[in-house]
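Below is one structure, written out as structure tokens; the observations come after it.
Values in this text are rule-based calculations from the coordinates and carry no lab data. Keep in mind it's a predicted model, so treat the numbers as computed, not measured.
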Amino acid sequence: MTKRRILIIENSIHVTGGLKAILRTCIALKEHFHFEFIVPRGAVVTNVIRDCGYRVTEFNLVEIRRSIKALISYTPMLLINAFKLRYFLKINKIDLIVSNDFYNLLAPTYRFLGGIVPYVTFVRFMPDRFPKPLVNLWCLLHFRYSYRLIAVSNSVKEKLERHQKVVVVYSEIPLENEMKVYPYNEHSREILYLSNYMQGKGQEYALIALASLGPDYEEWKLRFIGSDMGLEKNKSYKRRLQKLALELGIQGRIHWGDFATDVAQEYRQAGLVLNLSESESFSLTCVEAMYCNRPVLATACGGPTEIITHGVDGELVQLGSQQEINIALSKLLRDSNLRRSYADNASKSVAKQFGLQQTTYKLIPIFEMAIKGSE
């Protein structure tokens, strides 16, 4: 039987958690569907996707940005891309479009202009991060034209308007060829912070918490791994972090790493993993670290509250509370038995909650019904 053909529209130029998640979905469902991608022209992710074995086509995708120039170019380029998409879908016999994030309006614009190929869209961010008028517009269009909106957590769903098209499907644990449940490294004195350098990702909380510890913890190092995504605002944020580390007197205990292709190696080296973000729709970092048998300290900022059971398989702290972060970090670093207990429980809990049957395989009937409904 010929596989149904699904087109993924990915708006990110650089590797993000959303891209990692959709690639895992494609790999897990490769026996069921044929996948290919549209990405922005010149995107770094092009080679990443091709290395996974998928065909990639580049469009001049434009994001909404807070500048007059960007806003002026956005609408005409969106219309041009919608007509290009219509032709692309026809010649490639695409059965379903999957928009990999809610803010990408290419699929609803295509449908508004009379397109007949159905689409579903993932909602991979917390809607309250964006201005409410924009979110209301996005909801209006997707509720009208999409088959389903796939929220990646209940935290995301609760921030959307109530609608029968919204369903929750979590992202899955790492696939077997990516990572394994590694033995807990009780001798490690490395704190891993795996996140791109972006305002709101919480790296400054980690720096202040590390500086607050007494001399008994000086052997612990903090390792940042992530990308500035080539954006000046992110480069500026990273420079501010480096300045803060210098002012706190801990610059010698900080590693400023770039994007890592082998994140499994990063988890293997870590004795503790942090995610102190101000907003997480899900958190692949939490799931990956826990799956790899590593203890996690995270803020209760959305998705992590649905992944971590506080005091059982990890530690959750109040969003924005530097004091709670300091206390929790100190407690974890001085208590190796607690770290091991969290690690052992974590790998079991995420394997149970986020296996393929509980996550990605739930997409199969959604995709199939969307295609069937258009025939």
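Tabulated results
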{"read-out": "Reach of LYS372 by Cα under 14 Å, taken over aspartates and glutamates that are not fewer than 8 positions away in the same chain", "value": "ASP95"}
{"read-out": "Option label - P(r) over Cα pairs in 10 Å bins from 0, in percent computed here, alternatives (1) 5, 23, 32, 24, 12, 3, 0; (2) 5, 19, 24, 22, 18, 10, 2, 0; (3) 5, 19, 21, 12, 9, 12, 12, 8, 3, 0", "value": "(1)"}
{"read-out": "Reach of LYS180 by Cα under 28 Å, taken over lysines that are not fewer than 8 positions away in the same chain", "value": "LYS20, LYS30, LYS201, LYS221, LYS331, LYS348, LYS352, LYS362"}
{"read-out": "Over 32 Å (Cα to Cα) - which of LYS3/LYS84; LYS93/LYS235; LYS159/LYS238 fall in this group", "value": "LYS93/LYS235"}
